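Here the structure comes first, spelled out in structure tokens, and everything after it is commentary.
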Amino acid sequence: MNRARLLLIASLMATSLASAVHASNARFTTANCPREISLERVRCGTVRVPENYDRPKDRQIDLHVLVLDPLDGSTTKTAQYDLEGGPGGSSATFVDFYARDGASYRAHRTIVLADMRGTGKSHGLYCPRIDAEQNASPYAPMYPPALVSECRQQLEETADLASYSTRNAARDIDEVRRALGYEQLDLFGISYGTMLAMRYIKDFPKSVRSAVLLGTVPADRTPPRFHALVADSALGQLFGDCRRDDACSVAFKTPDADLEQALERLNAPDAPVSSEVFMEKLRTLMYSPGGARRVPFVVNRAAQGDLQPFLEATRPTQGPHFAEGLYLSMTCAETFAAIDTSAAITASAPTRFGAYRLRRQQEACREWAPARKDPDAFTTPSFDGPVLMISGRLDPVSPPDWAESMTKIYRNSRHFVIHEGAHIVDGLSNLDTCFDPLVLAFLEQPTANIDASCLRNMKAPVWRVP
């Protein structure tokens, strides 16, 4: 063995040793909880991690962590670890759910809410000027290139954007697990959170007790490649449901024709909203069951020249800020970088949603920082641990067949579809009498059989009609 090879091996061993030493020293530093958090048995604090795990002595970031201990006072060796969607959403905002409707989840179980790196209070990568533009002109084209470039330059002053990756986010999860002293985790992922959960399962399989995945997004689907195609299929099913419903079919006899007429109006030079923006907003409206049930009404009124219902349904809300800088850092380097953009645009163009989203993100990614590509980003090895996947039939972004494909890889998995479900479950009936008990039954005994028959009774809100 030559000297150069010995030096390479020594270098790799040193790097691995450094990472292992750092991981073993992970520590939870407690802090006073924010005034707005008034739950019982909650610990607040931070876990410090390297921004770049390949250079562990360089810049450090503090991950914002909330630990919701069991209400019965017991101690646990495992914990539920929630993973928010986006990427860009803050997991810590789930605390309100566990304070009220979700209290049963922590009756005798621990819940960990940790803002992923680049979100919330974990060195959040925000683009305030993009947010301000969106709030001031919510129907202007998304991702103005000049503002995207400006945000990138500002964030680069305090962050190595290439280090904000799914791979590093998965490493962070294990750092938090070690710092809190849990042997294994029950992962609970929603949307992008399912991608992160699957990455953690791949990199740290022995640390996973079970996983619940809602709106499963396999990494090799490379969002937003299929956004238009999937949404077009979901919209067709939604209009079909309307035609089969007594009230909806009477109010809106020809929803497809209504949409065609609405888009014709919006293609006029003096239209207040472009047809492309209208369809992108309509797509996001379909994420929730309640939003989807408003679509035929919104489309019908737009066909008659009345955009007020559309404006009311899609107006920006004053909720937790979304970390656009984190979203662009991850998606531009990971999923979007793997897309054959020309082919994706060609495939999306004939749909009713068109290639608008792809073109806008393509422009944004041109303005963003080049990133280090992860060769393992799109491989998903088999996993024998218990996994529960739940999909919505009308999901406009992650259709049920995506989750179904994962059952061949996750051999101890179960997949259920909510007939009137969408991308999220908020707004469905029987959440507290069916959905939550079903998920809790799985988390309590992941290997036991689950009776999911009640899912057929979960209903979306009534159709919005005049």
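The figures follow:
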{"quantity": "Flag for residue 81 being of a type in the set (Phe, Trp, Tyr), in contact with a helix residue (DSSP H, G or I) (Cβ under 8 Å, 6 or more places away or on another chain), buried (at least 24 other Cβ atoms within 10 Å of the Cβ) and farther than 30 Å from residue 145 by Cβ", "calculated": "yes"}
{"quantity": "Hits in the stretch 118-143 (condition: farther than 25 Å from residue 93 by Cβ and in contact with a helix residue (DSSP H, G or I) (Cβ under 6 Å, 6 or more places away or on another chain))", "calculated": "139"}
{"quantity": "Qualifying residues in the stretch 315-331 (those that are crowded, with 22+ Cβ neighbours inside 10 Å and of a type outside the set (Asp, Glu)) - the one farthest from residue 118 (Cα to Cα)", "calculated": "331"}
{"quantity": "Spans of helices (runs of 4 or more DSSP H) in the stretch 335-412 with at least 3 residues over 19 Å from residue 219 (Cβ atoms)", "calculated": "341-348, 356-367"}
{"quantity": "Some residue of the stretch 420-431 being part of a strand (DSSP E or B) and surrounded by 22 or more Cβ atoms within 10 Å (Cβ to Cβ)", "calculated": "no"}
{"quantity": "Residues that are more than 14 Å from the chain's Cα centre (by Cα) and either within 27 Å of residue 436 (Cα to Cα) or among the acidic types (Asp, Glu) (or both), drawn from the stretch 206-227", "calculated": "206, 207, 208, 209, 210, 211, 220"}
{"quantity": "Residue 113 being surrounded by 24 or more Cβ atoms within 10 Å (Cβ to Cβ) and aliphatic (A, V, I, L, M)", "calculated": "yes"}
{"quantity": "Tabulated pairs, the stretch 440-466, first more than 22 Å from residue 102 (Cα to Cα) and at pLDDT 95 or above, second acidic (Asp, Glu) and in a loop (DSSP other than H, G, I, E, B), C-beta under 7 angstrom, 6+ apart or interchain", "calculated": "463/245"}
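This table checks each residue for (1) exposed (fewer than 15 other Cβ atoms within 10 Å of the Cβ); (2) closer than 30 Å to residue 218 by Cβ; (3) without any contact (Cβ under 8 Å) to a residue 60 or more places away in the chain.
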{"site": "26", "(1), (2), (3)": "no, yes, no"}
{"site": "34", "(1), (2), (3)": "yes, no, yes"}
{"site": "38", "(1), (2), (3)": "yes, no, no"}
{"site": "45", "(1), (2), (3)": "no, no, yes"}
{"site": "49", "(1), (2), (3)": "no, yes, no"}
{"site": "54", "(1), (2), (3)": "yes, yes, yes"}
{"site": "85", "(1), (2), (3)": "no, yes, no"}
{"site": "97", "(1), (2), (3)": "no, yes, yes"}
{"site": "100", "(1), (2), (3)": "yes, no, yes"}
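The values are calculated or read from the model by the stated rules, or taken from the named source; none is laboratory data. What you see is a predicted model, and the numbers here were worked out from it, not measured in a lab. Glycine also receives a Cβ, built like all others from the backbone with ideal geometry; neighbour counts cover every protein chain displayed.
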